[in-house]
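Here's the structure, in structure tokens; my notes come after.
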Amino acid sequence: MKSKSYFWTLVVGVVFLTTWEVLVRALGTSELVMPAPSRVADVLWKSLVNGYLWPHIWQTLVEVFWGIVLGGLIGCVGGIVLGESKHLRSLLMPYVVLSQVIPKLALAPLFIVWFGFGVLPTVVMTALICFFPLLENTVTSMQQVDPQKLELFKMLRANRWQTLWRLKIPSGMPNILAGFRVALVLAWVGAVVGEFIGSSKGLGALIIAAQGSMDTPLMFAVLVVITFLGISSYWIFQTFERRFLQSQF
């Protein structure tokens, strides 16, 4: 069934790209407005072969990695703390939600003032965007433990620390990993948005540079790279998550 599903997914993609190519050629659309897929593929291939894209790809990968590490650490630890303390949850959760309501693009100039140009403001931006799904899923997991299992641990006289590490975290691991998976996808959004304003290198910065030079095919090529990297990281983590959960449960 999965192979059949993948086949039809591939068919839909091929039909979409073919239709795009035919319409652009038939309508004589300028590549400044909408380049044909073949033109985008040509620019992408040449940019990879001559090495132009690789420093930008590496820069964004570094920012995504450190952003997801920082955001994941804050989200996971914060979720455990808030999940364990009803008082802290009621006190701090409104501020956590407030941090997500504020438009991140509006914060980017402030991050540049506070942290300067380069990698750090983009990493902070990425962490700020991606920590919330993991925190929310962790908090929810801490509150949805089977009451019968909790009662069993009380009967066995397990202390709070033992209950947390032997029951609550293992029981909530599927939801925690699902939150991390969502955070991983959002990390790419955070890195690219951060590069729009505060960086001279990276895929987001390259999109702005291509926009300034009216190089629309290059913009599409960079978007293809970002999409590929985002989907690949999602699939890789999904595979790890599935195997990890199978080994645990």
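Please treat every number below as a calculation from the coordinates, not as lab data. Worth saying up front: this structure is predicted, and the values here are computed from it rather than measured. Positions of Cβ are generated from backbone atoms using ideal geometry, with glycine treated the same way; all protein chains shown enter the neighbour counts.
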The stretch 130-249 - percent relative contact order, Cα under 8 Å, separation 6 or more: 26
So how do 120-130, 217-227, 33-43 stack up, highest first, on mean other-Cβ count within 10 Å? 120-130, 217-227, 33-43
Just how large is the dipole of the stretch 27-96 about the Cα centre, in debye to the nearest 20, putting +1 at every Lys and Arg Cβ and -1 at every Asp and Glu Cβ? 160
In Å, what Rg and Dmax follow from the Cα atoms of the chain? 22.2, 76
Here the stretch 238-244 yields Karplus 3J(HN,Hα) values (6.51, -1.76, 1.60; θ = phi - 60°; whole Hz; Gly and Pro given as x) of 4, 5, 4, 4, 4, 5, 5
Compare the peptides 206-216, 168-178 by average per-residue count of other Cβ atoms within 10 angstrom and give them in order, highest first. 168-178, 206-216
The whole-number value in µm²/s of the Stokes-Einstein translational diffusion coefficient for the stretch 14-133, with Rh from the Kirkwood sum over alpha carbon pairs at 10 °C and 1.306 mPa s, is 88
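Mind pulling up the Rg/Rh value for the stretch 206-248? Radius of gyration and Kirkwood radius, both on Cα. Could you put the intermediate results ahead of the total?
On the way: Rg = 16.5 Å, Rh = 12.2 Å.
Reported Rg/Rh, Kirkwood definition of Rh: 1.35.
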